[in-house]
1. Quick check: residue separation of ARG104 and ASN180 times 0.36 nm, minus the Cα distance between them. What number comes out in nm?
2. For LEU44 paired with VAL152, estimate the spin-label separation in nm (one decimal), with each label point 7 Å from Cα along the Cα-to-Cβ line.
3. From the protein chains alone at 1.4 Å, what is the descending order of accessible area for THR145, THR53, largest first?
4. Taking the solvent-accessible surface of protein heavy atoms with a 1.4 Å probe, what is the per residue accessible area of the chain in Å²?
5. Let me check something: with ligands and nucleic acids excluded, how do GLU122, GLU76 order by accessible area (1.4 Å probe), largest to smallest?
6. Which value, in debye to the nearest 20, describes the size of the charge dipole of the chain about its Cα centre when Lys and Arg Cβ atoms bear +1, Asp and Glu Cβ atoms bear -1, and nothing else is charged?
7. Please determine, in degrees from 0 to 90 and to the nearest 10, the orientation of helix 29-40 with respect to the longest principal axis defined by the Cα atoms of the chain, where the helix direction is its Cα long axis.
8. With the cut-off at 1.5 for a/c, could you classify the chain from its C-alpha gyration tensor as rounded, prolate or oblate?
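The values are calculated or read from the model by the stated rules, or taken from the named source; none is laboratory data. Remember, it's a predicted structure, so these values are computed and weren't measured experimentally. Cβ sites come from the backbone with ideal geometry, for glycine too, and all protein chains shown count toward neighbours. Please note that ligands, DNA and RNA were not included when accessible areas were found on the heavy atoms of the full protein model with its side chains. Shrake-Rupley method; radii C 1.70, N 1.55, O 1.52, S 1.80 Å.
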Amino acid sequence: MDLKKIETGVKLILEGIGEDCLREGLIETPKRVAKMYEEIFSGLTQTSEEYLTKTFTADGNEMVIEKDITLYSMCEHHLMPFYGKAHIAYIPNGEVVGISKLARTVDVFAKRPQIQERLTCEIADAVMENLKPLGVIVAIEAEHTCMTMRGVKKPGTKTFTFACRGEFKNNQDLRNTFFNLI
């Protein structure tokens, strides 16, 4: 990441809104924002494979669910945060992954300029491609500050998205079990 370029951009924004960049509270703001962007967009330099390739042999093929994975992302349309919970279920095909790896996979994709619909599909596709399960389903419920702080200004409004792959795509009973459990 080009931190100097981010600092310059933040300084231009502050000047553009009529602020004095030399004011005590703002002198270090461009540097702080650049460091923050390095952290919140760290998914741009990561891949899900680094988390989903270490697997363990498992007997059976019963559904594994990890729910209420907190996520924070930045809407690519306004560069404002959206945040919420992701829920992931998969049906193992002889192998499982450490449960923290699903949460790390959510972060890889959430820590990029994003839209929730794509985020949901990217997580589902990554689990499907790397774990090769019989099926996967991902659901995300999030609040978008670009809708709550500006524009329509409807705080508390949540957007719900889900993506199904494999066995979950054509099996309504399986999807219903997942939704009942989350």
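1. Here the segment from ARG104 to ASN180 would lengthen by 24.9 nm.
2. Reported label-point gap for LEU44 and VAL152 is 2.9 nm.
3. Numbers: THR145 15, THR53 90 Å².
Output order, biggest surface exposure first: THR53, THR145.
4. Here the per-residue accessible area is 56 Å².
5. Largest accessible area first, the residues go GLU76, GLU122.
6. 360 debye
7. Around 10 degrees separate the two axes.
8. Values: a/c = 3.50, a/b = 1.97, b/c = 1.78.
Here the chain falls in the prolate category.
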